[in-house]
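The values are calculated or read from the model by the stated rules, or taken from the named source; none is laboratory data. What you see is a predicted model; the values in this text were computed from it and never measured. Note that each Cβ is placed from the backbone with ideal geometry, even for glycine, and that neighbours are counted across all protein chains shown. In case anyone asks, the SASA skips ligands and DNA or RNA and just uses the protein heavy atoms, side chains included. Shrake-Rupley method; radii C 1.70, N 1.55, O 1.52, S 1.80 Å.
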Amino acid sequence: MKYDIADPSLADEGARRIEWAGRRMPVLKSIAERFAKEEPLKGLMVAACLHVTAETANLMVTLREGGAKVALCASNPLSTQDDVAAALVADNIPVFAIRGEDDESYYRHIYTVLDMAPDITMDDGADLATILHTQRTDLSPIGSTEETTTGVIRLRAMAAEGTLRLPVVAVNDSATKHLFDNHYGTGQSAMDGIIRATNMLIAGSTVAVIGYGDCGQGVASRAAGLGARVVVVEVDPIRALTAAMDGHGVMTADDAARVADVFITVTGNKHVLRKQHFDVMKDGAIMANAGHFDVELDLEVLGEMARDRRAPRRNLEQYEMADGRRLLVVAEGRLVNLGAAEGHPADVMDMSFSNQALAAEWLAQRAGTLEPAIYTLSADIDREVARLKLASMGAGLEELTEEQKAYLSGWREGT
Ligand code: ADE
């Protein structure tokens, strides 16, 4: 079996962490048990380009239970957990990922999994799908799945341009994915990454959250919960108004740049913080990015502005400006939750990856019948994932009485 990982001797530690994560992924486990009986992916090759974490390892094992051959490469050069990669390889799952790999190695690994001629590709950020639309147009998988908002935006751009050539399931668009993973997962793990990298007290600090989508809302809420004064920067008036009514300050990036102690970008856009902001930031300001790509902070310009660069702590880089101010960047401006912490907790990845497994099954059931387009799993699947999660949490779900059902479906009874 071919693979490329940092250190096979880390396999035992990785296996323990995979087992621990698996304990907190009961919905995925129930799907794995059904997959083992029904083998809905029998004979199919699934190539996944996902963050190589303990949670992803549980997804890989679930797909294999379903009868698939699987291979995994990283969807970010800094998010790979080398111990998990080693444990998967020891369990005969080929992995091509090394934490901190350079661009050449990152893309070589992506090409390697595509060389296996997958029947289904699984993306977090649309890297496999993009290459299937550029360099590897000779390959025609049954379809692809996409985990994240940024990936779905890229794929919708392809569809709008008329160039999308594959059916894609936008897993991100399932309610049991984006309402929970993006909000609670990003919210907790982004703060976790900043705290691990700096060991700072959030209480009493001013945290600027730039972007108030599902992820930004989660980050702002967790920062506020830790005692920060939160200021939100938004371009969309409805989202900005939501932030204001959620109790946060709302201001432009120029104004936030002068007052915040911590900046967290969550926009999915590029150069959100740039020279004009770096020029006025306070000494000791900390910047982190929780958006998918490392484009939100203009680090090239920051590097040019700096007279000195050093690493005061792991996953933290200090840029000293000509006037002596020190600006700090967490995890090279890459996804802070995966670069400086362990990503979203397993409890929430349980739902995201249950949707991934069900999306792969959905594609397999429809092999050869789907038009190239972006699909969303049905509301019934969404509700079933939610029901299973609630049951695993010991929560009770109320049911409508017959009288209430009749009331809701009629219109004559108004009083
Ligand atoms: N994306 C965010 N958190 C993750 C995790 N723990 N595993 C895989 N992908 C993730």
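Across all directions of projection, what mean area in square nanometres is found for the Cα convex hull of region 235-320? Projected area, direction-averaged: 6.1 nm². When each of the peptides 67-78, 245-256 is scored by the mean number of other C-beta atoms lying within 10 Å of its residues, the order from highest to lowest reads 67-78, 245-256. Net charge dipole, the chain: roughly 340 debye, given to the nearest 20, about the Cα centre with Cβ charges of +1 for Lys and Arg and -1 for Asp and Glu. Other residues within the sphere of radius under 15 Å centred on the Cβ of residue 312, judged by their own Cβ, net out at +2 (K and R +1, D and E -1).
Report the residue, chosen from 301, 169, 52, that carries the largest GNM mean-square fluctuation when the chain is represented by alpha-carbon nodes joined by springs under 10 Å. Its mean-square fluctuation being the largest, the pick is 301.
Of all the options 51, 271, 344, the one that moves most in a Gaussian network model of the chain with Cα springs shorter than 10 angstrom is 271. Separation of region 363-415 from region 29-68 is 24 Å, based on Cα centroids.
Computed over the Cα atoms of region 1-145, the ratio of the radius of gyration to the Kirkwood radius (Rg/Rh) comes to 0.95. Tally Lys and Arg at +1 and Asp and Glu at -1 over the other residues with C-beta under 11 Å from the C-beta of residue 406: what net charge comes out? Local charge sum for residue 406: -1. Quick one: Debye curve from the alpha-carbon atoms of region 374-415 only, equal weights, vacuum; give me log10 I(q)/I(0) at q = 0.21 Å⁻¹ to two decimals. After summing over all Cα pairs, the log10 values are -0.80.
Surface analysis of the chain yields an accessible area of 44 Å² per residue, using protein heavy atoms and a 1.4 Å probe.
For residue 80, the shell of other residues with beta-carbons less than 9 Å away shows a net charge of -1, using +1 for Lys and Arg and -1 for Asp and Glu.
Projected over every direction and averaged, the convex hull enclosing the alpha-carbon atoms of region 80-202 yields 9.7 nm².
Note on the chain: GNM, Cα springs under 10 Å; of 188, 135, 356, the largest mean-square fluctuation is that of 135. As a ratio to 2.2 N^0.38 Å, the alpha-carbon radius of gyration computed for region 136-200 takes the value 1.51. What does the C-alpha gyration tensor say about the overall shape of region 205-357? Classify as rounded when a/c is under 1.5, otherwise prolate if a/b is larger than b/c, or oblate. Here region 205-357 falls in the oblate category. Pairs from the list 2/42; 37/69; 2/37; 177/389; 2/29 with a Cα-Cα gap above 19 Å: 2/42; 2/37; 2/29. Take every pair of alpha-carbon atoms less than 8 Å apart whose residues are at least six positions apart; their mean separation over the length of the chain yields a relative contact order of 17 percent. Which of the three applies to region 56-142, rounded, prolate or oblate, going by the alpha-carbon gyration tensor with a ≥ b ≥ c and a/c under 1.5 meaning rounded? Oblate. Per the Cα gyration tensor, the chain maps to an equivalent ellipsoid with semi-axes of 35, 29, 20 Å, ordered largest to smallest.
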